[in-house]
Structures are given as C-alpha cells and as structure tokens.
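What follows is one structure encoded as structure tokens, with my remarks underneath.
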Amino acid sequence: MQTGFDDDFLFGGAISSAQADGAYQQGGKGVDTQNLRYFNAGWTREQRDENRNINMTTLRFDTALSGLNTANYPFTHGIDFYNRYHDDLALMEEMGLKVFRTSIDWSRIFPNGDDNEPNMEGIQYYIKLFDECHQKNMKVFATILHYNIPVNLVTRYGGWKNRKLVDFYLKFVRVLFETIGERVDFWLPFNEINAGKFNPYNGVCLIKDQEKDYDSAIFQCLHHQFIANALTIRLAKEILPQAQIGGMIARFTTYPATCKPEDVLESIQTEQYSNYFYTDIMARGEYPSYMERYFKEKNIKIKKAPGDEKLLRENTVNFLSFSYYMSMVASTDRNWATSSGNLVTGNKNPYLKASDWGWQIDPVGLRITLNQLYDRYNIPLFIAENGLGAKDDLERDLSVHDSYRIDYLREHIQQMKEAVADGVKIIGYTMWGIIDIVSCGTIEMSKRYGVIYVDLDDEGKGSYQRYKKDSFYWYQKCIRTHGQDLD
Ligand code: BG6
C-alpha cells in the first residue's frame with residue numbers, strides 16, 4: 001500500500017487566459033467571447049450571483065461589442081499576466097511549483113478564428129511563456145480552450161453549433177502542435193466540457209434568443225466539441241505521438257439525500273447526465289445508452305456525420321481530469337433547501353459547511369470522486385482545479401492571513417493522499433487560481449483563490465502589485481516535503 005505521494009507527483013497551480021491575461025488590445029489579439037461579459041462593480045452580492053450564469057442575449061452581446069471598456073468588462077484587463085508573467089513565474093518558481101496550467105487564447109493565434117495565417121506574435125508569446133516555465137523547472141499543462149473563442153466565430157458562424165468550428169479549431173490545434181508542441185507536457189483540448197450544458201455561453205458560445213430549440217442546440221454543440229476532441233487526439237498520434245491528452249469535466253459529485261430508492265436513482269441519473277455522459281464519451285469512446293433515452297424523452301435531436309462513431313471510438317483520452325470545488329445532493333423532495341455551487345445550483349447537504357459564496361466544502365468528496373472515476377475508467381487522473389474562493393484582506397504590512405484557505409487546501413490534499421493509498425493513480429494537482437484572477441462566474445476580483453494576492457479591486461483599480469499570502473508559504477512547504485508536511 002502506498003502511503004504518500006511519489007516524488008514525481010506534480011503539485012502545481014492553474015489559471016486561464018481569459019481571467020488572467022488582460023492586454024486585450026496588445027500582441028495582435030482579437031476580441032474574444034469572454035471579453036464581452038458585462039460586470040458592474042455597484043452590483044450587490046445577490047446581483048452578482050444572479051448574473052453569474054446569465055444567458056447571453058443578442059442585446060448584451062451587441063452592446064458589449066460596440067462599447068467595450070475595461071471598467072465594465074473585467075476580462076479585458078484580467079491581472080495583466082500577459083505583461084507580468086516573467087515576475088509571476090518567478091514567484092511560482094520560488095514556491096517550487098512542479099507544473100503550471102494555463103490556457104491558450106485562440107484569438108491571439110487566430111484573431112478572427114477563420115484567418116488564413118496565424119498571428120506570429122501570439123505564437124511567440126506562448127513560446128516564451130512555456131520556455132520560461134521549463135527554465136524554472138515547471139512542466140506545462142496547456143488547456144487549448146478555456147471558454148474564450150474569437151467573437152467572429154459567433155457573429156459569422158453561430159458558435160459551436162456550426163460544424164465548421166471543428167475545422168477552425170483543428171487548424172488552431174495543428175498550429176499549436178507544430179509550433180509549441182514540444183513545450184507542452186499535458187494537453188486538455190477543452191476546459192470542463194460539460195460547462196456547455198450548464199453555462200451555454202461560456203461552454204459552447206450560444207446566444208439564447210437566437211436559438212429556436214436551445215436544448216438541441218446545446219447538445220449539437222457538445223457533439224462538435226467531442227468530435228474536435230477526438231480529432232485532436234488523432235492529429236497528435238500523427239504529428240506529436242508522445243503527447244498526453246486528457247479530457248476534463250467540472251465534477252459535480254452527487255449524493256442521494258436519503259436511502260429512499262427514488263433519491264438514490266435521482267442521484268445516479270444526476271451523475272450520468274451531469275458527469276458520466278461526458279467522461280464516458282471521452283474515455284470509453286461512445287455515447288452511453290442512458291443518454292439515448294434522455295434524448296428521446298426530451299426530444300433532443302443531434303446531427304451526426306458518417307464516421308463520427310468510429311472516430312470517437314478510436315480516439316480516447318490518455319488521462320481524465322476534473323475541477324472539484326464542492327459536492328451536491330440529489331433529492332426527489334422539491335422543497336429541499338438549495339445551495340449554490342460552481343456552474344450549478346443544487347440541493348443543500350446538512351452535514352457540510354459552505355464558502356462565503358455558498359459552495360459546499362467537502363474534502364472527503366474529493367476522495368470519493370477520485371475512487372469513483374478510477375474505478376470506472378482505470379486511467380490516470382489529474383486534478384486540474386481545486387481551491388477556495390474567499391475575500392482576503394491585505395494588511396498594512398502587506399501580509400494576508402488566509403488560514404481558511406490553508407485549512408481548505410490541507411483537508412483536500414489530505415484526502416487526495418488517502419485516495420493514493422486507496423490505489424488511485426493521480427498524476428498531479430493544479431490548485432485553482434494560484435494567483436488571484438477575475439472570477440469566472442461572478443466576474444469580480446473580490447472572490448480570490450490565490451496564494452499570491454493581486455492588488456486590484458472590482459472597479460479595476462489598484463497597483464497590480466503581487467504579495468505573498470500566508471498560504472504561499474504553506475503551499476511552498478507542502479510541495480517541498482512532497483505533501484508530507486501539511487501542518
Ligand atoms: C471553474 C472554471 O469552473 O471554476 C474556472 O474552470 C473558474 O474558470 C473556477 O474560475 C472557479 O469559479 P469562479 O466562478 O469562482 O471563478
């Protein structure tokens with residue numbers, strides 16, 4: 001029985017281009033879909049939550065396109081990682097990070113998505129960024145697409161609903177494989193591929209009022225993403241045979257509210273529809289039979305092309321990956337108390353405490369998740385995201401005392417260690433938001449995940465200076481001792 005992490009276990013940190021990079025008018029970048037998400041610093045907590053999963057409309061989209069500014073569109077400035085990555089990576093090196101996960105901004109490589117030639121300045125940026133990671137002894141975990149696509153692919157083609165997006169995406173991937181392929185250790189073609197169902201603008205770039213049959217459109221888009229995922233794997237076999245390519249979901253671990261059989265069934269179906277549908281396709285290579293019934297009952301129609309089934313079957317992922325923030329409860333009782341969460345609102349678990357944003361904190365659920373996924377697929381797992389979004393205070397002496405974050409990380413890493421002892425093969429753990437970034441859901445700066453504090457507020461004001469939080473030193477010690485010393 002293995003009792004601790006191997007020496008080559010990859011402790012790391014993760015961010016995404018849309019939430020961190022900023023510099024939306026630099027380096028030949030095109031406007032992307034996340035740039036257009038509106039935020040108002042005057043919103044109350046409730047308004048921020050309401051706007052978190054709001055559907056994109058034509059009016060919101062066009063208004064943003066004609067009046068993009070840094071004050072109301074925080075994804076235009078991020079934390080200016082694009083201009084500050086050199087110093088940020090130095091801090092990560094100081095922490096001893098073994099792997100760094102970020103995403104590639106499609107609109108830096110192909111500003112309009114359908115351009116004939118790639119933008120060399122964008123490619124150079126990633127060459128420099130990833131070379132610097134390696135110089136600092138960090139492996140690179142690259143997400144090819146973390147929500148943001150060039151807006152032209154929405155205005156001209158209607159987003160992922162259009163199968164042409166698969167070709168544009170593949171062209172983008174080919175350029176990446178040919179130019180930065182050797183610099184990337186792990187690839188994720190899509191961040192949280194199930195997000196398309198739970199936040200269709202983020203995940204599959206749909207504008208709700210432009211769809212006659214929204215649900216069918218969502219699953220059509222998802223089919224195209226599954227095809228793009230399989231084609232990426234096929235392309236890697238041709239030109240980058242050593243590539244490690246993973247599939248990722250936002251994992252909504254779900255427990256039955258009671259032992260009433262109907263609650264247990266509800267929990268199984270929630271797991272199937274929200275989680276396993278996606279991982280079954282990417283790891284087993286076929287649409288699961290329970291979804292055929294679901295599509296029939298919901299009258300969902302998906303157009304598949306000849307050869308799609310074979311393509312999916314022959315091109316499955318090397319590893320599975322997921323984000324894990326909280327767990328949920330399934331109940332047939334429609335009056336069961338509810339609770340907030342990542343991408344979804346679900347039922348409350350009376351045994352768990354929640355974060356200030358209402359996400360139910362469940363470290364044991366991480367061990368459960370790891371066991372469930374490993375049992376089902378028997379391929380290595382990579383925890384691509386886990387962390388605590390909290391409000392932090394920068395003290396006068398420029399310290400940040402975030403003991404609550406240390407507790408969260410300690411308890412989750414402890415459970416990960418238990419899963420290793422259970423025999424689960426885990427490649428690594430990239431804690432989310434290693435440095436404070438703009439929140440993806442609520443688009444605010446005040447929901448912070450980092451072990452590095454960024455001096456920036458919800459209005460986009462601040463010095464952009466970086467400061468080490470108490471959790472920085474804690475994580476540094478955790479990494480140095482291979483997860484042995486978690487005190
Ligand atoms: C994940 C996303 O779903 O959750 C990240 O991949 C996101 O982009 C993270 O930031 C945490 O969510 P939030 O809304 O707190 O930023």
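The values are calculated or read from the model by the stated rules, or taken from the named source; none is laboratory data. Bear in mind the structure is a predicted one, so any value in this text is a computation, not a measurement. Cβ sites come from the backbone with ideal geometry, for glycine too, and all protein chains shown count toward neighbours. The protein model used for the area step is the full one, side chains on, heavy atoms only, and it has no ligands, DNA or RNA in it. Shrake-Rupley method; radii C 1.70, N 1.55, O 1.52, S 1.80 Å.
Things worth noting here:
- Backbone N under 15 Å from the Asp7 label point (7 Å along Cα→Cβ), restricted to the stretch 452-487: 480-484
- Expressed in units of 2.2 N^0.38 Å, where N is the residue count, the Cα radius of gyration of the stretch 298-413 is 1.44.
- Relative intensity, log₁₀ I(q)/I(0), of the stretch 165-209 from a Debye sum that treats every alpha carbon as a point, q = 0.29, 0.33 Å⁻¹: -1.01, -1.09
- Using a cut-off of 18 Å between Cα atoms, the listed pairs Lys171/Lys208; Lys197/Lys301; Lys161/Lys208 include Lys171/Lys208 as exceeding that distance.
- Percent RCO, i.e. relative contact order, over the chain, from Cα pairs under 8 Å lying at least 6 residues apart: 18 percent
- In a reduced charge model with +1 at each Lys and Arg Cβ and -1 at each Asp and Glu Cβ, the stretch 306-354 shows a dipole moment near 260 debye about its Cα centre.
- Averaging Cα coordinates gives a centre for the stretch 209-250 and one for the stretch 442-473; these two points are 33 Å apart.
- Placing unit charges on each Cβ (+1 for Lys and Arg, -1 for Asp and Glu) gives the stretch 437-481 a dipole about its Cα centre, and among Tyr467, Leu456, Val438 the Cα reaching farthest toward its positive end belongs to Tyr467.
- When the charge dipole of the chain is built from unit charges on Cβ atoms (+1 for Lys and Arg, -1 for Asp and Glu) and taken about the Cα centre, the candidate among Gln19, Met282, Phe382 whose Cα reaches farthest toward its positive end is Met282.
- The stretch 383-487, relative contact order in percent, only Cα pairs under 8 angstrom and at least six apart counted: 30 percent
- With N as its number of residues, the stretch 21-106 has a Cα radius of gyration that, divided by 2.2 N^0.38 Å, comes to 1.31.
- Base-10 log of normalised Debye intensity for the chain (one unit scatterer per alpha-carbon) at q = 0.06 Å⁻¹: -0.24
- Solvent-accessible area per residue, Å², over the chain with all protein chains present [probe radius 1.4 Å]: 39 Å²
- Kirkwood-based shape ratio for the stretch 139-201, expressed as Rg/Rh from alpha carbons: 1.00
- MRE, 222 nm, helices only [DSSP H, n ≥ 4, -39500 (n - 2.57), over the chain, to nearest 500]: -11500 deg cm²/dmol
- Amide H within-cut-off set for Arg448, under 5 Å, with H built and near neighbours excluded: Ala390, Lys391, Asp392
- Mean-position separation - Cα centroids, the stretch 81-112 and the stretch 316-368, in angstrom: 29 Å
- Judged by the mean number of other Cβ atoms found within 10 Å, the most tightly packed of the peptides 336-342, 319-325 leads the ranking 319-325, 336-342.
- Fraction of accessible area attributable to carbon and sulfur, the chain (%, probe 1.4 Å): 47 percent
- Per-residue 3J(HN,Hα) values for the stretch 199-206, derived from phi via the Karplus relation 6.51 cos²θ - 1.76 cosθ + 1.60 with θ = phi - 60°, read 9, x, 6, 4, x, 10, 6, 9 Hz in sequence order (x marks Gly and Pro).
- The Cα atoms of the stretch 9-55 cover 38, 36, 20 Å along the three principal axes, with the biggest extent listed first.
- Nonlocal amide H pairs with Thr254, under 5 Å, H built at 1.01 Å: Met328
- The stretch 247-348, dipole about Cα centre (Lys/Arg Cβ +1, Asp/Glu Cβ -1), debye to the nearest 20: 260 debye
- When all alpha carbon pairs of the stretch 202-302 are counted in 10 Å bins from zero, the resulting P(r) reads 13, 36, 33, 15, 3, 0 %.
- Cβ charges +1 (Lys, Arg) and -1 (Asp, Glu), total dipole of the stretch 335-449, debye: 320 debye
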